[in-house]
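The values are calculated or read from the model by the stated rules, or taken from the named source; none is laboratory data. Keep in mind it's a predicted model, so treat the numbers as computed, not measured. No Cβ is skipped: glycine too gets one built from the backbone with ideal geometry, and neighbour counts run over all protein chains shown. Surface accessibility is based on the protein's heavy atoms, side chains included, excluding ligands, DNA and RNA. Shrake-Rupley method; radii C 1.70, N 1.55, O 1.52, S 1.80 Å.
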Amino acid sequence: MNNNVQGETRQSLHGNWSSRLAFILAVTGSAVGLGNIWKFPYMAGQNGGGAFVIVYLMFVFLIGMPVMMSEILIGRRGRRNPIATMKLLGEEEGNSDIWKWIGVMGVSAGVLILSYYSVIAGWTITYIPKAFLGEFVGTDATSISKLFDNFVANPVSVILAHTIFMAINFFIIASGVKGLEKAVRFLMPGLLLLLFILFLYSLTSGSFMDGVRFMFTPNFSALNWDGVLTAMGLACFTLSIGMGAIMAYGAYLPQETSITNATVSVVIADTSIAMLAGLVIFPLVFANGLNPGEGPDLVFKTLPLVFGQMQAGTFLATIFFVLLSFAALTSALGLMEPAVAWMVESTDYTRKQCAGIIASIIWFLGLGTALSFNTMADFKFINGTIYENVDFLTSNIMLPLGAVFTTFFAAWIMSKNSTSEELGGHSVTYRIWRFLAKYFSPIAILIIFLQAIGWI
Ligand code: PHE
(Lines give C-alpha, C1' and ligand atoms only; values in the text may rest on other atoms or scores of the structure.)
Protein backbone atom coordinates (compact mmCIF):
# COMPACT_ATOMS: atom_id res chain seq x y z
CA MET A 1 0.00 0.00 0.00
CA ASN A 2 1.37 3.39 -0.85
CA ASN A 3 1.01 5.36 2.35
CA ASN A 4 2.48 8.54 0.97
CA VAL A 5 -0.19 9.03 -1.59
CA GLN A 6 -2.85 8.20 0.97
CA GLY A 7 -1.55 10.70 3.49
CA GLU A 8 -1.47 13.45 0.94
CA THR A 9 -4.78 12.94 -0.70
CA ARG A 10 -6.92 12.19 2.32
CA GLN A 11 -9.36 14.97 3.14
CA SER A 12 -10.99 15.86 6.42
CA LEU A 13 -14.76 15.64 6.62
CA HIS A 14 -14.98 18.95 8.43
CA GLY A 15 -13.04 21.16 6.01
CA ASN A 16 -9.56 22.67 6.36
CA TRP A 17 -8.11 25.69 8.12
CA SER A 18 -8.10 28.65 5.79
CA SER A 19 -4.43 29.36 6.39
CA ARG A 20 -1.35 28.39 8.33
CA LEU A 21 -1.97 31.30 10.65
CA ALA A 22 -5.49 30.12 11.35
CA PHE A 23 -4.13 26.75 12.43
CA ILE A 24 -1.48 28.29 14.66
CA LEU A 25 -4.08 30.58 16.18
CA ALA A 26 -6.43 27.71 16.82
CA VAL A 27 -3.78 25.51 18.41
CA THR A 28 -2.51 28.46 20.44
CA GLY A 29 -6.09 29.18 21.39
CA SER A 30 -6.40 25.65 22.65
CA ALA A 31 -3.06 25.74 24.45
CA VAL A 32 -3.38 29.15 26.07
CA GLY A 33 -6.09 29.10 28.66
CA LEU A 34 -6.74 28.66 32.33
CA GLY A 35 -3.77 26.29 32.41
CA ASN A 36 -1.37 29.18 31.92
CA ILE A 37 -3.00 31.83 34.05
CA TRP A 38 -4.86 29.87 36.69
CA LYS A 39 -3.19 26.48 36.97
CA PHE A 40 0.48 27.18 36.36
CA PRO A 41 0.85 29.85 39.08
CA TYR A 42 -1.12 27.93 41.67
CA MET A 43 0.75 24.69 41.06
CA ALA A 44 4.13 26.40 40.97
CA GLY A 45 3.13 28.04 44.26
CA GLN A 46 2.06 24.78 45.85
CA ASN A 47 5.22 23.01 44.78
CA GLY A 48 7.72 25.51 46.11
CA GLY A 49 8.39 27.60 42.98
CA GLY A 50 11.83 27.55 41.28
CA ALA A 51 12.62 23.84 40.98
CA PHE A 52 9.09 23.10 39.84
CA VAL A 53 9.19 25.85 37.22
CA ILE A 54 12.50 24.67 35.84
CA VAL A 55 11.38 21.06 35.61
CA TYR A 56 8.15 22.25 33.99
CA LEU A 57 10.12 24.21 31.37
CA MET A 58 12.30 21.20 30.64
CA PHE A 59 9.23 19.09 30.08
CA VAL A 60 7.69 21.68 27.81
CA PHE A 61 10.69 21.74 25.50
CA LEU A 62 12.04 18.20 25.67
CA ILE A 63 8.79 16.29 25.91
CA GLY A 64 6.07 18.74 24.94
CA MET A 65 7.54 19.73 21.57
CA PRO A 66 8.21 16.23 20.22
CA VAL A 67 4.83 15.04 21.47
CA MET A 68 3.04 17.97 19.88
CA MET A 69 4.81 17.36 16.58
CA SER A 70 3.85 13.70 16.75
CA GLU A 71 0.24 14.57 17.39
CA ILE A 72 0.01 17.04 14.54
CA LEU A 73 1.65 14.68 12.08
CA ILE A 74 -0.59 11.79 13.08
CA GLY A 75 -3.66 14.01 12.88
CA ARG A 76 -2.79 15.36 9.46
CA ARG A 77 -2.01 11.92 8.10
CA GLY A 78 -5.23 10.39 9.37
CA ARG A 79 -7.48 13.39 8.78
CA ARG A 80 -10.18 11.98 11.06
CA ASN A 81 -11.15 12.21 14.69
CA PRO A 82 -8.42 10.90 17.04
CA ILE A 83 -10.03 7.49 17.54
CA ALA A 84 -10.60 6.84 13.83
CA THR A 85 -7.19 8.27 12.94
CA MET A 86 -5.36 6.01 15.39
CA LYS A 87 -7.34 3.03 14.16
CA LEU A 88 -6.70 3.85 10.51
CA LEU A 89 -3.01 4.59 10.83
CA GLY A 90 -2.51 1.63 13.15
CA GLU A 91 -3.89 -0.68 10.53
CA GLU A 92 -2.22 1.12 7.65
CA GLU A 93 1.24 1.00 9.18
CA GLY A 94 0.94 -2.76 9.29
CA ASN A 95 -0.34 -3.23 12.79
CA SER A 96 -3.56 -3.93 14.58
CA ASP A 97 -6.42 -1.59 15.41
CA ILE A 98 -5.44 -1.65 19.08
CA TRP A 99 -4.01 1.87 18.70
CA LYS A 100 -7.52 3.30 18.59
CA TRP A 101 -7.52 2.96 22.38
CA ILE A 102 -5.10 5.88 22.58
CA GLY A 103 -7.81 7.88 20.87
CA VAL A 104 -10.46 6.54 23.23
CA MET A 105 -8.39 7.49 26.27
CA GLY A 106 -7.79 10.96 24.81
CA VAL A 107 -11.43 11.60 24.06
CA SER A 108 -12.33 10.53 27.61
CA ALA A 109 -9.60 12.71 29.09
CA GLY A 110 -10.98 15.70 27.19
CA VAL A 111 -14.47 15.12 28.54
CA LEU A 112 -13.20 14.70 32.10
CA ILE A 113 -10.92 17.73 31.95
CA LEU A 114 -13.65 19.92 30.55
CA SER A 115 -15.94 18.89 33.40
CA TYR A 116 -13.80 20.79 35.88
CA TYR A 117 -12.35 23.30 33.43
CA SER A 118 -15.83 24.60 32.83
CA VAL A 119 -16.36 25.19 36.55
CA ILE A 120 -13.20 27.28 36.81
CA ALA A 121 -14.14 29.08 33.60
CA GLY A 122 -17.44 29.79 35.35
CA TRP A 123 -15.53 31.51 38.16
CA THR A 124 -13.81 33.60 35.52
CA ILE A 125 -17.08 34.61 33.91
CA THR A 126 -18.50 35.54 37.29
CA TYR A 127 -15.58 37.88 37.83
CA ILE A 128 -16.56 39.95 34.78
CA PRO A 129 -19.58 41.65 36.40
CA LYS A 130 -17.73 41.83 39.71
CA ALA A 131 -14.92 43.72 37.96
CA PHE A 132 -17.30 45.89 36.01
CA LEU A 133 -19.23 46.93 39.11
CA GLY A 134 -16.02 48.07 40.75
CA GLU A 135 -16.06 45.41 43.46
CA PHE A 136 -12.25 45.28 43.53
CA VAL A 137 -11.74 48.99 44.07
CA GLY A 138 -10.14 49.87 47.38
CA THR A 139 -9.98 46.27 48.57
CA ASP A 140 -7.18 44.65 50.50
CA ALA A 141 -5.95 41.06 50.58
CA THR A 142 -8.50 40.08 53.24
CA SER A 143 -11.56 41.52 51.57
CA ILE A 144 -10.57 40.13 48.17
CA SER A 145 -10.21 36.67 49.73
CA LYS A 146 -13.61 37.03 51.34
CA LEU A 147 -15.17 38.07 48.05
CA PHE A 148 -13.96 34.87 46.44
CA ASP A 149 -14.71 32.59 49.39
CA ASN A 150 -18.26 33.89 49.67
CA PHE A 151 -18.82 33.37 45.98
CA VAL A 152 -17.62 29.75 45.83
CA ALA A 153 -19.37 28.90 49.08
CA ASN A 154 -22.67 29.15 47.22
CA PRO A 155 -23.15 26.05 45.05
CA VAL A 156 -26.02 27.65 43.12
CA SER A 157 -23.98 30.51 41.69
CA VAL A 158 -21.02 28.22 40.92
CA ILE A 159 -23.27 25.75 39.09
CA LEU A 160 -25.06 28.56 37.28
CA ALA A 161 -21.77 29.94 35.97
CA HIS A 162 -20.66 26.45 34.95
CA THR A 163 -23.95 26.06 33.08
CA ILE A 164 -23.51 29.35 31.23
CA PHE A 165 -20.01 28.40 30.18
CA MET A 166 -21.07 24.98 28.88
CA ALA A 167 -23.96 26.54 27.00
CA ILE A 168 -21.69 29.01 25.18
CA ASN A 169 -19.37 26.17 24.42
CA PHE A 170 -22.18 24.14 22.96
CA PHE A 171 -23.28 26.95 20.66
CA ILE A 172 -19.83 27.54 19.27
CA ILE A 173 -18.93 23.90 18.81
CA ALA A 174 -22.25 23.12 17.17
CA SER A 175 -21.37 25.47 14.34
CA GLY A 176 -18.21 23.61 13.24
CA VAL A 177 -14.55 24.33 12.53
CA LYS A 178 -15.16 27.72 10.99
CA GLY A 179 -16.60 28.86 14.29
CA LEU A 180 -13.40 27.84 16.03
CA GLU A 181 -11.33 29.79 13.61
CA LYS A 182 -13.19 33.03 14.07
CA ALA A 183 -13.16 32.80 17.83
CA VAL A 184 -9.37 32.79 18.24
CA ARG A 185 -8.28 35.58 15.95
CA PHE A 186 -8.32 38.58 18.20
CA LEU A 187 -8.11 37.06 21.65
CA MET A 188 -4.51 36.04 22.09
CA PRO A 189 -2.94 39.39 21.22
CA GLY A 190 -5.41 41.11 23.54
CA LEU A 191 -4.68 38.79 26.41
CA LEU A 192 -0.96 39.16 25.92
CA LEU A 193 -1.23 42.92 25.92
CA LEU A 194 -3.21 43.03 29.14
CA LEU A 195 -0.84 40.65 30.85
CA PHE A 196 1.96 42.90 29.76
CA ILE A 197 0.29 45.93 31.34
CA LEU A 198 -0.11 43.94 34.55
CA PHE A 199 3.51 42.90 34.29
CA LEU A 200 4.62 46.55 34.10
CA TYR A 201 2.57 47.18 37.19
CA SER A 202 4.09 44.28 39.07
CA LEU A 203 7.56 45.60 38.19
CA THR A 204 6.73 48.58 40.38
CA SER A 205 5.06 46.62 43.16
CA GLY A 206 8.17 46.66 45.31
CA SER A 207 8.32 42.88 45.54
CA PHE A 208 9.12 42.09 41.93
CA MET A 209 12.46 40.50 42.75
CA ASP A 210 10.90 38.36 45.48
CA GLY A 211 8.55 36.98 42.86
CA VAL A 212 11.37 36.36 40.42
CA ARG A 213 13.43 34.64 43.08
CA PHE A 214 10.52 32.46 44.06
CA MET A 215 9.90 31.46 40.47
CA PHE A 216 13.43 30.79 39.35
CA THR A 217 15.64 29.86 42.31
CA PRO A 218 15.92 26.12 42.00
CA ASN A 219 15.47 24.72 45.47
CA PHE A 220 15.27 21.06 44.60
CA SER A 221 14.68 19.97 48.16
CA ALA A 222 11.19 21.46 47.81
CA LEU A 223 10.37 19.10 44.95
CA ASN A 224 9.60 15.40 45.34
CA TRP A 225 8.61 12.88 42.66
CA ASP A 226 4.98 13.79 43.04
CA GLY A 227 5.92 17.37 42.23
CA VAL A 228 7.89 16.21 39.19
CA LEU A 229 4.89 14.21 38.02
CA THR A 230 2.67 17.25 38.55
CA ALA A 231 5.08 19.41 36.52
CA MET A 232 4.95 16.87 33.72
CA GLY A 233 1.16 16.67 33.86
CA LEU A 234 0.98 20.45 33.82
CA ALA A 235 3.30 20.65 30.81
CA CYS A 236 0.98 18.29 28.92
CA PHE A 237 -2.06 20.19 30.18
CA THR A 238 -0.94 23.68 29.19
CA LEU A 239 0.19 22.49 25.77
CA SER A 240 -3.06 20.56 25.27
CA ILE A 241 -1.15 17.39 24.41
CA GLY A 242 -1.75 13.74 25.25
CA MET A 243 -5.48 13.73 24.62
CA GLY A 244 -5.98 14.17 20.92
CA ALA A 245 -6.96 17.85 20.83
CA ILE A 246 -3.93 18.74 18.77
CA MET A 247 -4.44 15.59 16.72
CA ALA A 248 -8.01 16.67 15.97
CA TYR A 249 -6.79 20.11 14.91
CA GLY A 250 -3.97 18.57 12.88
CA ALA A 251 -6.62 16.78 10.85
CA TYR A 252 -7.65 20.14 9.39
CA LEU A 253 -4.09 21.29 8.63
CA PRO A 254 -3.18 21.89 4.97
CA GLN A 255 -0.48 19.58 3.66
CA GLU A 256 2.07 22.29 2.87
CA THR A 257 2.31 23.79 6.37
CA SER A 258 5.51 23.12 8.34
CA ILE A 259 4.64 21.17 11.47
CA THR A 260 7.92 22.07 13.15
CA ASN A 261 7.47 25.81 12.73
CA ALA A 262 3.88 25.67 13.86
CA THR A 263 4.89 23.73 16.97
CA VAL A 264 7.68 26.13 17.87
CA SER A 265 5.35 29.14 17.60
CA VAL A 266 2.69 27.54 19.73
CA VAL A 267 5.09 26.37 22.42
CA ILE A 268 6.76 29.75 22.69
CA ALA A 269 3.46 31.61 22.88
CA ASP A 270 2.08 29.22 25.48
CA THR A 271 5.17 29.26 27.67
CA SER A 272 5.59 33.04 27.53
CA ILE A 273 2.04 33.55 28.69
CA ALA A 274 2.49 31.16 31.63
CA MET A 275 5.77 32.84 32.65
CA LEU A 276 4.24 36.27 32.32
CA ALA A 277 1.30 35.23 34.49
CA GLY A 278 3.73 33.96 37.12
CA LEU A 279 5.74 37.18 37.01
CA VAL A 280 2.56 39.16 37.58
CA ILE A 281 1.14 36.98 40.33
CA PHE A 282 4.10 36.10 42.55
CA PRO A 283 5.35 39.66 43.14
CA LEU A 284 1.78 40.49 44.13
CA VAL A 285 1.65 37.54 46.46
CA PHE A 286 4.74 38.74 48.29
CA ALA A 287 3.84 42.42 48.21
CA ASN A 288 0.54 41.62 49.94
CA GLY A 289 1.77 39.00 52.37
CA LEU A 290 -0.27 36.25 50.71
CA ASN A 291 0.59 32.57 50.63
CA PRO A 292 2.00 31.34 47.28
CA GLY A 293 0.73 27.84 48.09
CA GLU A 294 -2.86 29.10 48.40
CA GLY A 295 -4.22 26.65 45.80
CA PRO A 296 -6.78 26.92 42.99
CA ASP A 297 -8.04 30.28 44.25
CA LEU A 298 -4.61 31.98 43.98
CA VAL A 299 -5.29 33.95 40.79
CA PHE A 300 -8.72 35.04 41.95
CA LYS A 301 -7.27 36.35 45.18
CA THR A 302 -4.28 38.19 43.72
CA LEU A 303 -5.08 39.77 40.36
CA PRO A 304 -8.17 41.68 41.58
CA LEU A 305 -5.86 43.31 44.11
CA VAL A 306 -3.77 45.00 41.42
CA PHE A 307 -6.81 45.99 39.47
CA GLY A 308 -8.26 47.52 42.61
CA GLN A 309 -5.18 49.70 43.02
CA MET A 310 -4.62 50.62 39.38
CA GLN A 311 -5.66 53.64 37.37
CA ALA A 312 -8.54 52.55 35.15
CA GLY A 313 -8.48 49.29 37.11
CA THR A 314 -12.21 48.70 36.80
CA PHE A 315 -12.04 48.96 33.05
CA LEU A 316 -8.90 46.85 32.70
CA ALA A 317 -10.18 44.19 35.11
CA THR A 318 -13.37 43.86 33.12
CA ILE A 319 -11.46 43.40 29.88
CA PHE A 320 -9.05 41.01 31.54
CA PHE A 321 -11.75 38.65 32.79
CA VAL A 322 -13.54 38.86 29.45
CA LEU A 323 -10.35 37.87 27.65
CA LEU A 324 -9.57 35.14 30.14
CA SER A 325 -13.05 33.74 29.67
CA PHE A 326 -12.48 33.72 25.93
CA ALA A 327 -9.11 32.03 26.39
CA ALA A 328 -10.88 29.40 28.48
CA LEU A 329 -13.50 29.05 25.79
CA THR A 330 -11.02 28.43 22.99
CA SER A 331 -9.33 25.79 25.16
CA ALA A 332 -12.65 24.23 26.00
CA LEU A 333 -13.41 23.90 22.29
CA GLY A 334 -10.21 21.86 21.95
CA LEU A 335 -11.25 19.66 24.85
CA MET A 336 -14.66 18.95 23.38
CA GLU A 337 -13.84 18.76 19.67
CA PRO A 338 -12.33 15.24 19.74
CA ALA A 339 -15.43 13.79 21.41
CA VAL A 340 -17.79 15.67 19.10
CA ALA A 341 -15.81 14.85 15.94
CA TRP A 342 -15.79 11.20 16.97
CA MET A 343 -19.53 11.13 17.61
CA VAL A 344 -20.36 12.93 14.36
CA GLU A 345 -18.26 10.49 12.36
CA SER A 346 -19.50 7.35 14.03
CA THR A 347 -23.22 7.98 14.56
CA ASP A 348 -26.11 9.32 12.50
CA TYR A 349 -26.70 12.28 14.77
CA THR A 350 -26.10 15.79 13.47
CA ARG A 351 -23.20 17.85 14.73
CA LYS A 352 -25.58 19.92 16.81
CA GLN A 353 -27.12 16.87 18.45
CA CYS A 354 -23.71 15.37 19.18
CA ALA A 355 -22.51 18.64 20.69
CA GLY A 356 -25.65 18.79 22.81
CA ILE A 357 -25.32 15.26 24.14
CA ILE A 358 -21.63 15.60 24.93
CA ALA A 359 -22.04 19.03 26.50
CA SER A 360 -24.77 17.64 28.75
CA ILE A 361 -22.61 14.75 29.91
CA ILE A 362 -19.74 17.13 30.65
CA TRP A 363 -22.07 19.51 32.46
CA PHE A 364 -23.30 16.70 34.66
CA LEU A 365 -19.81 15.45 35.48
CA GLY A 366 -18.83 19.03 36.31
CA LEU A 367 -21.27 19.14 39.19
CA GLY A 368 -18.75 17.03 41.14
CA THR A 369 -16.15 19.77 40.82
CA ALA A 370 -18.63 22.60 41.39
CA LEU A 371 -19.52 21.02 44.74
CA SER A 372 -15.89 20.26 45.65
CA PHE A 373 -15.48 23.85 46.75
CA ASN A 374 -18.56 24.06 48.95
CA THR A 375 -21.12 21.41 49.90
CA MET A 376 -18.78 18.51 49.27
CA ALA A 377 -15.50 20.15 50.28
CA ASP A 378 -15.06 17.61 53.08
CA PHE A 379 -15.81 14.62 50.89
CA LYS A 380 -12.27 13.38 50.27
CA PHE A 381 -10.81 10.16 48.93
CA ILE A 382 -7.45 9.05 47.43
CA ASN A 383 -6.07 12.46 46.37
CA GLY A 384 -8.57 14.77 48.03
CA THR A 385 -11.81 16.29 46.76
CA ILE A 386 -13.62 15.19 43.61
CA TYR A 387 -11.94 18.04 41.73
CA GLU A 388 -8.49 17.00 42.95
CA ASN A 389 -9.10 13.42 41.91
CA VAL A 390 -10.38 14.25 38.46
CA ASP A 391 -7.45 16.61 37.97
CA PHE A 392 -4.90 14.05 39.17
CA LEU A 393 -6.35 11.26 37.05
CA THR A 394 -6.45 13.37 33.88
CA SER A 395 -3.36 15.61 34.10
CA ASN A 396 -0.98 13.30 35.92
CA ILE A 397 -2.03 9.95 34.50
CA MET A 398 -4.10 10.11 31.33
CA LEU A 399 -2.26 12.94 29.55
CA PRO A 400 1.27 11.60 30.17
CA LEU A 401 0.16 8.10 29.17
CA GLY A 402 -1.51 9.49 26.07
CA ALA A 403 1.68 11.39 25.32
CA VAL A 404 3.89 8.29 25.66
CA PHE A 405 1.70 6.16 23.45
CA THR A 406 1.31 8.89 20.83
CA THR A 407 5.04 9.52 20.46
CA PHE A 408 5.74 5.81 20.67
CA PHE A 409 3.31 5.26 17.85
CA ALA A 410 4.74 8.04 15.70
CA ALA A 411 8.36 7.07 16.24
CA TRP A 412 8.25 3.29 16.46
CA ILE A 413 5.16 2.12 14.61
CA MET A 414 4.82 4.58 11.76
CA SER A 415 7.33 4.12 8.96
CA LYS A 416 10.20 6.55 8.59
CA ASN A 417 8.79 7.34 5.20
CA SER A 418 5.49 8.54 6.56
CA THR A 419 6.90 10.61 9.40
CA SER A 420 9.69 12.20 7.40
CA GLU A 421 7.21 13.12 4.73
CA GLU A 422 4.99 14.89 7.25
CA LEU A 423 7.93 16.62 8.93
CA GLY A 424 9.50 17.77 5.68
CA GLY A 425 12.28 15.29 4.85
CA HIS A 426 15.37 14.07 6.66
CA SER A 427 16.53 17.39 8.04
CA VAL A 428 18.34 18.00 11.32
CA THR A 429 15.07 18.87 13.03
CA TYR A 430 13.65 15.58 11.81
CA ARG A 431 16.53 13.71 13.40
CA ILE A 432 16.17 15.60 16.67
CA TRP A 433 12.46 14.93 16.69
CA ARG A 434 13.02 11.27 16.01
CA PHE A 435 15.57 10.89 18.78
CA LEU A 436 13.41 12.69 21.34
CA ALA A 437 10.24 10.94 20.25
CA LYS A 438 11.80 7.52 19.95
CA TYR A 439 13.88 7.35 23.09
CA PHE A 440 13.85 10.39 25.29
CA SER A 441 10.17 11.25 25.71
CA PRO A 442 8.75 7.76 26.26
CA ILE A 443 11.55 6.72 28.62
CA ALA A 444 11.49 9.97 30.60
CA ILE A 445 7.73 9.92 30.98
CA LEU A 446 7.71 6.27 32.05
CA ILE A 447 10.47 6.75 34.63
CA ILE A 448 8.74 9.73 36.24
CA PHE A 449 5.50 7.89 36.20
CA LEU A 450 6.83 4.76 37.85
CA GLN A 451 8.76 6.85 40.38
CA ALA A 452 5.73 8.85 41.35
CA ILE A 453 3.50 5.84 41.83
CA GLY A 454 6.29 4.20 43.81
CA TRP A 455 7.15 1.31 41.51
CA ILE A 456 10.82 2.23 41.24
N1 PHE B 1 -4.13 23.86 27.32
C2 PHE B 1 -5.34 24.31 27.93
C3 PHE B 1 -4.98 25.31 29.03
O4 PHE B 1 -3.84 25.53 29.31
C5 PHE B 1 -6.16 23.18 28.48
C6 PHE B 1 -6.37 22.08 27.49
C7 PHE B 1 -5.86 20.83 27.72
C8 PHE B 1 -7.04 22.33 26.30
C9 PHE B 1 -6.02 19.81 26.82
C10 PHE B 1 -7.21 21.33 25.36
C11 PHE B 1 -6.69 20.08 25.62
O12 PHE B 1 -5.82 25.89 29.62
Give me the number: length gained by fully extending residue 415 to residue 132, i.e. 0.36 nm times residue separation minus the C-alpha to C-alpha distance, one decimal in nm.
96.3 nm
For residue 242, what residues show an amide H to amide H distance below 5 Å, using hydrogens built from the backbone and excluding near sequence neighbours?
none
Which one of 27, 58, 274 has its Cα pushed farthest toward the positive end of the charge dipole of the chain, where Lys and Arg give +1 and Asp and Glu give -1 at the Cβ?
27
Applying the Karplus parametrisation 6.51 cos²θ - 1.76 cosθ + 1.60 with θ = phi - 60° to the phi angles of the stretch 219-229, what ³J(HN,Hα) value in whole Hz is obtained for each residue in order, glycine and proline being reported as x?
9, 5, 6, 7, 10, 9, 5, 4, x, 5, 4
Among rounded, prolate and oblate, which fits the stretch 360-406 when a ≥ b ≥ c are the square roots of the eigenvalues of its C-alpha gyration tensor, a/c under 1.5 means rounded, and a/b larger than b/c means prolate?
oblate
With unit charges on the beta carbon (Lys/Arg positive, Asp/Glu negative), name the residue among 158, 254, 169 whose Cα is farthest towards the positive pole of the charge dipole of the stretch 111-268.
254
Residue-by-residue Karplus 3J(HN,Hα) for the stretch 260-276, coefficients 6.51, -1.76, 1.60, Hz, glycine and proline x:
4, 4, 4, 4, 4, 4, 5, 5, 5, 4, 5, 5, 4, 5, 4, 5, 4
Calculated P(r) tail over 20 Å for the stretch 226-306, as whole % of Cα pairs
50 percent
How do 365, 335 stack up against each other in accessible area, from largest to smallest, with a 1.4 angstrom probe?
365, 335
Kindly report the accessible area of the chain per residue (heavy atoms of protein chains, probe 1.4 Å, no ligands, DNA or RNA), in Å².
37 Å²
Pairwise FRET efficiency - residue 61 versus residue 164, Cβ, R0 = 60 Å, nearest 0.05
0.95
213, 10, 80, ranked by accessible area, largest first (probe 1.4 Å)
213, 80, 10
Flagged links, alpha-carbon separation over 30 Å, of 100/416; 352/438; 130/352; 87/416:
352/438; 130/352
Carbon-plus-sulfur fraction of the accessible area of the stretch 2-452, 1.4 Å probe, in percent?
67 percent
Tell me what the chain gives for mean residue ellipticity at 222 nm when only DSSP H runs of n ≥ 4 count, each as -39,500 (n - 2.57), the sum divided by the residue total, rounded to 500 deg cm²/dmol.
-22500 deg cm²/dmol
Would you check the accessible area of residue 97, probe 1.4 Å, heavy atoms only, in square angstrom rounded to 10?
60 Å²
Charge context of residue 243, other residues only, Cβ under 12 angstrom, K/R +1, D/E -1:
-2
In a shell of Cβ-Cβ distance under 15 Å around residue 309, excluding residue 309 itself, what net charge do Lys and Arg (+1) and Asp and Glu (-1) give?
-1
Candidate residues 268, 63, 128: accessible-area rank, largest first, probe 1.4 Å:
268, 128, 63
For the stretch 26-72 and the stretch 227-301, what is the centre-to-centre distance using only Cα atoms, to the nearest Å?
4 Å
Just the number: Rg to Rh for the chain, Cα atoms, Kirkwood Rh, two decimals.
0.96
For the stretch 342-348, 3J(HN,Hα) per residue [Karplus equation, 6.51 cos²θ - 1.76 cosθ + 1.60, θ = phi - 60°, Hz, x = Gly/Pro]
5, 5, 4, 6, 10, 10, 9
Please work out the Cα convex hull volume for the stretch 55-125 and give it in Å³ per residue.
124 Å³
Would you kindly state how much longer the chain becomes between residue 272 and residue 96 on full extension, computed as 0.36 nm times their sequence separation minus their alpha carbon distance, in nm to one decimal?
59.3 nm
If each residue of separation counts as 0.36 nm, what is the full-extension length gain between residue 291 and residue 315 once their alpha-carbon separation is subtracted?
5.9 nm
Treating the beta-carbon of each Lys and Arg as +1 and of each Asp and Glu as -1, no other charges, what is the dipole magnitude of the chain about its Cα centre, to the nearest 20 debye?
600 debye
Using the alpha-carbon atoms, what tilt in degrees (0 to 90, nearest 10) does helix 20-31 show relative to the longest principal axis of the chain?
50 degrees
Once both axes come from the Cα atoms, what is the angle between helix 187-203 and the longest principal axis of the chain, in degrees from 0 to 90, rounded to 10?
40 degrees
